[in-house]
Each structure stands twice: as C-alpha cells, then as structure tokens.
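Following: one structure in structure tokens, then a few remarks.
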Amino acid sequence: MSSGSPDKRRKMESALNQLKKHTVVVADTGDFNAIDEYKPQDATTNPSLILAAAKMTAYQQLVDQAIKYGMAKGGTEEEQVANTMDKLFVSFGLEILKKVPGRVSTEVDARLSFDKDEMVAKALKLIALYEEAGISKERVLIKLSSTWEGIQAGKELEEKHGVHCNMTLLFSFAQAVACAEAKVTLISPFVGRILDWYKENTDRKSYEPHEDPGVVSVTKIYNYYKKFGYSTVVMGASFRNTGEVKALAGCDLLTISPGLLAELSQDHSAVTEMLSVEKAKACDLEKVHLDEKTFRWEHNEDRMGVEKLSDGIRKFAADAVKLETMIKEKILSVKNGQ
C-alpha cells in the first residue's frame, strides 16, 4: 500500500496546472526569460519590474536599442529620456508577447496619476509604438492607477479609442465599483499589499488564507461584479504566498510572480475552485452607484485604501525616476563617446 502512494502523489497534477483549470494564470514579471517555464496566458509589467529587468545584463541590448531610438527622436534631454522610457516599456512588452499567447500589460507613468488627459495621451503613444512594431492593440492592456482621474482616463480610452485598460493599485471597494461603472476591461486588486497594511497597522500578524484581508477584499469585488453582471474582469495581483493564490482559485485571472509560480509548480496538493459565478449570484450584496463626490468620500473612508494607493503611486514614481536617471547616464555616456 505504502509503495503505491508515492506513485499516486507523482500522478497528482501540480497546483499550478490545477489552478489553470479554474483561472487564467498571468506572469507578473519584466524578466521574460522567466516566462517560458510556466506557460502563462498573459504577462504584466510595472515600472518596478522593468527597472529590475533593465539592470540585468541579459537585457542590456533592449536598453541600448531604446536609448538609440530616444536619441534619434531628438528634442530636449527630457524628451529624449521620455521617448527612451516609452520605447523601453514597449520593447519589454514586445519580447513578452513572443512568449505568451495572450496580452501584455504596459503601465502609464505613475507620475501622471492625477492628470486624465496626460494619461490618455501617454496610453495612445504606447499603443502607437506597439502598432508600429506590428502588434494590434487587442494584445495590449494599458495599466493606469485607479485614482478617479485614472478611472476616467480608462473610460475614455475604452469608449473613444478601443484601448483595453488594466486598472492597477486598486485597494478599496469604491475603486472597484467606479472601475466597473467605467466599463474598463480589467482590474488588478492588490492582495498582498492589503495583507501588508493589516499586519503593519493592527495587532494581528498572521492569517489563514480564507481570512486574509486581501483575499476577502478580492472575493467581495469578484462576487459584486458577477452578481450584477459587469463586463469588467478581476485579476488578483501582488501575492505574498501560494495560500492567497489558492484561496482565489476561480477568479477570472491571477497575476503571479515567477517565485510563486515555481512554488505552485512543485506543489501537488489539491486546488479547489473557491470563486464562481454561481456562488456570486447567491451573495447578499447591494448594488451601489458612485459619482465623483461619492467615490472620493467612500474611498477616503477606507484608510487602508487611501494609504496603499498613495504609497503605491509614490513607489512606482520613485522607480520611474531611478529608471530615468539610469537612462540619462547612459545617454550622456553615448554622447561623450561619440
């Protein structure tokens, strides 16, 4: 009997493969060489991930090509740096699209988070760069901060330009409702960062996966969207452990770091569907409507949401500045070497 059990264990599919039966798995990385192994459907990037990847020797050619492009466009140093940044983000996206069958998410600079028109303009510029490279906008999700201005930028991009948006840095229920009402394609609620906040700001330091505050938040959002038939889909993001991932099996999509994808591929425990449309329809939730005033008030009432949104914007902005500094130094060295 005992000799048969290891065989049984070997035959049990990995948690990652089981998860893929319930949920679209997305790789959360700028390191596209890490994508091959886990066969995700889509991939997401952000300024922090691109910064980390741009420092890797393996990707210096992409950085150099982007700098050459930015310098060839001319203009002031600021314009050259901005054009290089845009090209670099799109270049990483293009490489990722060679590895995934689905879509890549490319982020608009977090420093534009409170300027709707600038976010729309930047998004259209990124889409134009993809189209120049022969990639249809159908394969790209533009990531925008889930500020009121970001959500309205998403609404405009979807309605007027047919550009699909991924609303990121989403922590509060008010943000989720406003995104659904704006009819954006997808939202990325941040599971792990919500958990971080509760650990830092309350006496409780550990949670079982089903009571993890990030898991509870995403479950509520998913149930609300499905109960009321919104077209916007939910992609859980920013995971701290595989327990959180498994507790959201059944969510439309989950974007997972290579480290956690590796753990899930080695894990052979059973994964069961935790979220479903049927369960959502049976939930006791009331429909709400948010205009700008109500949104700002409801979001403001959620201390965790307010603090994590502003903190996330600051962190992404800081990494964008680091990336710009790196690019400036490289442009200068190229000019001096000429």
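The values are calculated or read from the model by the stated rules, or taken from the named source; none is laboratory data. From a predicted model like this one, the values you see are computed outputs, not experimental measurements. Note: ideal-geometry Cβ built from the backbone for every residue, glycine included; neighbour counts use all protein chains shown. For the accessible areas, the whole protein counts, side chains as well, though only heavy atoms, and no ligand, DNA or RNA atoms are used. Shrake-Rupley method; radii C 1.70, N 1.55, O 1.52, S 1.80 Å.
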Inset, instruction - Have a look at Leu290, Leu285 and point out the one that is among the hydrophobic types (A, V, I, L, M, F, W, C), within 25 Å of Val108 (Cβ to Cβ) and not in a helix (DSSP H, G or I). - result: Leu290
Inset, instruction - Select, from Leu169, Leu157, the only residue that is open to solvent by less than 40 Å² (accessible area, probe 1.4 Å) and on the phi > 0 side of the Ramachandran plot. - result: Leu169
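Here's the yes/no breakdown for (1) assigned to a helix (DSSP H, G or I); (2) among the small types (Gly, Ala, Ser); (3) buried (at least 24 other Cβ atoms within 10 Å of the Cβ):
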site	(1), (2), (3)
Glu118	yes, no, no
Ala121	yes, yes, no
Leu124	yes, no, no
Glu131	yes, no, no
Leu144	no, no, yes
Ala178	yes, yes, yes
Inset, instruction - State all residues of region 98-116 that are in a helix (DSSP H, G or I) and within 18 Å of the chain's Cα centre (by Cα); if no residue qualifies, say none. - result: Ala110, Arg111, Leu112
Inset, instruction - Under 6 Å between Cβ atoms, at least 6 apart or on separate chains: pull out the pairs that start in region 107-129 with a residue that is within 13 Å of Phe89 (Cβ to Cβ) and end on any residue that is of a type in the set (Lys, Arg) and at pLDDT 95 or above. - result: Glu107/Lys143; Val108/Lys122; Ile127/Lys137
Legend entry - In region 67-86, residue nearest to Gly134 (Cα to Cα) [restricted to those that are open to solvent by less than 50 Å² (accessible area, probe 1.4 Å) and in contact (Cβ under 8 Å) with a residue 40 or more places away in the chain]: Asp86
Legend entry - Qualifying residues in region 180-197 (those that are surrounded by 16 or more Cβ atoms within 10 Å (Cβ to Cβ) and more than 16 Å from the chain's Cα centre (by Cα)) - the one farthest from Val24 (Cα to Cα): Trp197
Inset, instruction - Mind listing whichever residues of region 277-292 are within 19 Å of Val24 (Cβ to Cβ) and touching a residue at least 40 places away in the same chain (Cβ under 8 Å)? - result: Val277, Lys279, Ala280
Legend entry - Extreme residue, surrounded by the fewest Cβ atoms within 10 Å (Cβ to Cβ), among residues of region 228-246 that are in a helix (DSSP H, G or I) and of a type outside the set (D, E, K, R): Gly243
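Identify, from the list Leu170, Leu157, Leu126, the residue that is modelled with pLDDT of 95 or more and touching an Asp or Glu at 6+ places or on another chain (Cβ under 8 Å).
Numbers: Leu170 fails: touching an Asp or Glu at 6+ places or on another chain (Cβ under 8 Å); Leu157 fails: touching an Asp or Glu at 6+ places or on another chain (Cβ under 8 Å).
Going through Leu170, Leu157, Leu126 in turn, just one is modelled with pLDDT of 95 or more and touching an Asp or Glu at 6+ places or on another chain (Cβ under 8 Å): Leu126.
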Inset, instruction - Determine which single condition Glu278 fails, assuming it passes every other condition in (1) in a helix (DSSP H, G or I); (2) open to solvent by less than 50 Å² (accessible area, probe 1.4 Å). - result: (2)
Inset, instruction - Within region 281-328, track down each residue that is charged (D, E, K, R), closer than 22 Å to Ala72 by Cα and open to solvent by less than 50 Å² (accessible area, probe 1.4 Å). - result: Glu324
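One residue is enough: does region 30-53 have a residue meeting the conditions of a type in the set (Val, Ile, Thr), under 21 Å from Asp267 (Cβ atoms) and touching a Lys or Arg at 6+ places or on another chain (Cβ under 8 Å)?
Initial filter on region 30-53 (of a type in the set (Val, Ile, Thr)): 35, 44-45, 50.
Those still in the list that are under 21 Å from Asp267 (Cβ atoms) too: 35.
Then drop every residue that is not touching a Lys or Arg at 6+ places or on another chain (Cβ under 8 Å), which leaves 35.
Yes - at least one qualifying residue is present in region 30-53.
Please go through region 247-275 and pick out each residue that is assigned to a strand (DSSP E or B) and within 20 Å of Pro213 (Cβ to Cβ).
Taking region 247-275 as the starting set, the residues that turn out to be assigned to a strand (DSSP E or B) are 253-256.
Once the filter is applied, which keeps residues that are assigned to a strand (DSSP E or B) and within 20 Å of Pro213 (Cβ to Cβ), region 247-275 yields Leu254, Thr255, Ile256.
May I ask you to say which residue of Arg111, Arg139, Arg103 is basic (Lys, Arg), surrounded by fewer than 22 Cβ atoms within 10 Å (Cβ to Cβ), at pLDDT 95 or above and within 18 Å of Ile35 (Cβ to Cβ)? Even if it seems obvious, please write down each step before you answer.
Details: Arg111 fails: within 18 Å of Ile35 (Cβ to Cβ); Arg103 fails: surrounded by fewer than 22 Cβ atoms within 10 Å (Cβ to Cβ).
It is Arg139.
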Legend entry - Residue identified as farther than 23 Å from Val26 by Cα and open to solvent by less than 60 Å² (accessible area, probe 1.4 Å) among Ile331, Ile256: Ile331
